Structure formats: structure tokens, C-alpha cells
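Colleague: So that we are looking at the same thing, I have put the structure below in C-alpha cells.
Readers should treat all values here as calculations from the given coordinates under stated rules, not as data from a laboratory. Keep in mind that what you see is a predicted model, and the values were worked out from it rather than measured. Positions of Cβ are backbone-derived with ideal geometry, glycine not excepted, and every protein chain shown enters the neighbour counts.
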Amino acid sequence: MPNRLKEPHAKDPRKLKSGRWQARVTYYDTETGKRHETSQTFATEREAKKWSREQESQYREDPNRKPPSEQTFEKFYQRWLDGVAATRTEDTTVKAYRRYAKPLIVAFGQKPLRAITPADFQDVFSDMLKDGKATSTIHHTYVVGHSSLKEAVNWGLIPFNPADRVRPPRVTSPEVVPPTPEVGRKLLDAVETHRLKALWWFISLVGCRKGEALALKWLDVDLESRTVSIRRNVAADGGLRSIHDTKTTKGRRSIALSEYLVSILTEHRQHQQIEHEFYGSDWNAEGWVFPSERGTLLWPSNVNRHFRLVLKQAGLPKAFKPHDLRHAMASAWIVKGVPVKVVSERLGHANINITLQIYGHLMPNMQAEAAKKMEELFMAPIPTSSPLTLKNNDIDEKNRRG
């Protein structure tokens, strides 16, 4: 039988030898059930009674003193997924939440919420590290566990969030090794006659994400002003697929197009019109820029399969991923001296720190170049006839004449 938390209550005031009145209120610890008493003295019995009643009321209304829940973490987490997460996020995100929470469910899914401790979380993180899980994956597991238990606190099921008292491993990202321009060119040469040629050129020259390119509509593209607006993203997880707005305001951005990319997109649109005429009423008219032959939205998995065929044709390693085209473009911008803030805005990063975290290792060469230029500036000989010298000479000449 679970322990029932006893109610706080105010005792009758006690008169002290000094003539003052002592007010007392008894309450019980939400975690241990131990009895505690708080007191304060007043000049009159009336004041003592008033204070006791107010203190008792505050203890009763405090959400943190509600009895801990006997509901298991697994049942609660499923309830949270269905009732909270599913109403705030896409289906693919909910599926990811379920996947990231698996280590927590396995470790303490059958434990009552009240019995979960910070050490339980820490043990899960240690086991995940031993199993070789990426620190980013462990961070996602921490986030879903923390977010769900935060709601348990809000609902009054537990007095505090045990995940608040845990420090997950620091996220470390592997150093990005972008493909060389030669490798990128070899791949783009291989897609010259492919139907999705424009897609690979677009990702390579714009530096957008694959999902952002697939979610692009012709109404987002202005070939005359040579700009494109990134507004949406396509995400897929197994058999689920969703189209949603970019996660951050920085993700929604306008990008300038090069003249060469405009010519490729123009040619691509002409080929698309031919497909439209061929399929007639069977053509999907939603206006996707990079659709299937019938105009329907392309599945990311189908695009990945097409990319692997291109790699094989180009004789490139299977490890090469579509996202590497984005890395290649961003790295090229950094090395060419494009300001990091501009690169961050073009990539749609939430803040410049993300850009520096991913591509910061490319910066030392730029810093060396900057140091060299500063040295040249300060080591250059000072002109014998500087503007200041000429001005002082004019003043001396006037003084002599005067």
C-alpha cells in the first residue's frame, strides 16, 4: 500500500512565560513523509491564530506537497506522448521521441514516477556511452525524459523533476570533413543527364538541406530576381512523412541564386512541363520544384536511393551522403573568406555558434591570414610626409612669419 501523505494542520497557539503567543503548524515532507513543525511568536493570541491559519492554507495549496504518483514511467510517458507531444509536434517527431526514450523505458519504465532518481538517469547515460552511442543521441534521450517529467511536475504527480539534477554528457560533434571540390565536381558531372540534375546542383550551390529542397514550390522561386525563399522542410521516419515549416525563424530565409543555377532551374522547369503534358490529368499540380515524374512529392528515401546510384556511376565512396553537398558549399564559403554570419544565415542555422561549432576548425587558416595582414600593416614604413606632419609644418611657418 502506498504511503498516504498526511495533511498539514495548525495547532492552537501556546502562551509563553514572556506573555507572547507561539503559533505552530505541522506539515509532512513529500519525499520521506517525516513530520516537521514551523512556529512563530506574536504579541496576541489573535495574531498567532491568524498566522497559523494562513500557513496551513499555504501548505495545503502547495502543488509540491501532493502525494507522489504510483503511475509507472512507461505508462506516464505514453500518456504524455499521446496527450501532449502529439498535439505540439509532427508525427515523425513523436516517433523520434518514442525511439529516443527506449533506453529510459528499458531501464526504469516499470518504476513508479515517485521512485525515479537522478542516479537512474545517470546510469542510463553511462550505459549508452559504453554502448558507443553518440553524445547527441544521449542528449536527445535526456531532453525527452526531462520534458515529460517536467509535465509530471506541472500535473502535481511528483514534487520535483529528477532530470533537473542530472548533467548529461557534453555533446561533441565529429569534425566535418567536406568533400573536395574535385569530388563534388565529379559527382555533378555524373548527374549531367539525370532527371534530378537540378536538385543536386541546387543543394550544392545553395547549401540548403535535402528536406528543404524537396519541400520547395515554384511559388517560392523568383527566377527573374534570382532569389528563393526557404519556408518548409520534408521529414520522414520509416513509413511516416511530414511537411512542416522550418523549426526556427532563422530557418525561414531568402537566398540569392547564381546566374548559372538560374539557368539550370529554367531548363529543369521546361523538362517538368514536358512531363506534365505527357501525364496530363494524372499529373499532380501542387507545384513542387523537385517532384516525381507525376508531380508528386518525392520521398527522402527515394532521393537517397537515387543518390547512391549516382555515386556508383561516378565511382565515389558509398559513405558520401547528400548532406555532404551542403557541407562542401559551407566549407567553400568559409575558406573563401565569406563572413561567418553570412554563412550562418544562408545555411539557416539558429545562431552563429552552431556554424562555428561545425566549421570552426576551418577558421585557423583564415586567422593566420588576418594576422599576416595586420603584421604587414604595422610593419610598413611610416610616410615622411604624413598629413599630420604637413599640418604641423604649416603652423611652424605661420609662427615664423608672424
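Colleague: Per-residue counts of other Cβ atoms within 10 Å, averaged by peptide: what ranking do you get for 141-151, 101-111, 177-187, highest first?
Modeller: In descending order of packing, they fall as 141-151, 101-111, 177-187.
Colleague: Sorted by average packing, counted as other Cβ atoms within 10 angstrom per residue and highest first, what order do 35-47, 74-86 take?
Modeller: Per-residue mean Cβ counts within 10 Å order the peptides as 74-86, 35-47.
Colleague: Further question: Label points 7 Å out from Cα along the Cβ direction at residue 296 and residue 227: separation in nm?
Modeller: Simple spin-label model gives 3.5 nm for this pair.
Colleague: May I ask you to order 286-298, 270-282 by the average number of other C-beta atoms within 10 Å around their residues, highest value first?
Modeller: 286-298, 270-282
Colleague: Let me ask something additional. So for the pair residue 309, residue 256, with labels modelled 7 Å out along Cα→Cβ, what separation do we get in nm?
Modeller: Rounded to a tenth, the inter-label distance reads 3.7 nm.
Colleague: Would you calculate the separation in nanometres between label points at residue 220 and residue 70, each defined as 7 Å from the Cα along the Cα-to-beta-carbon direction?
Modeller: With each label placed 7 Å out from Cα toward Cβ, I get 5.2 nm.
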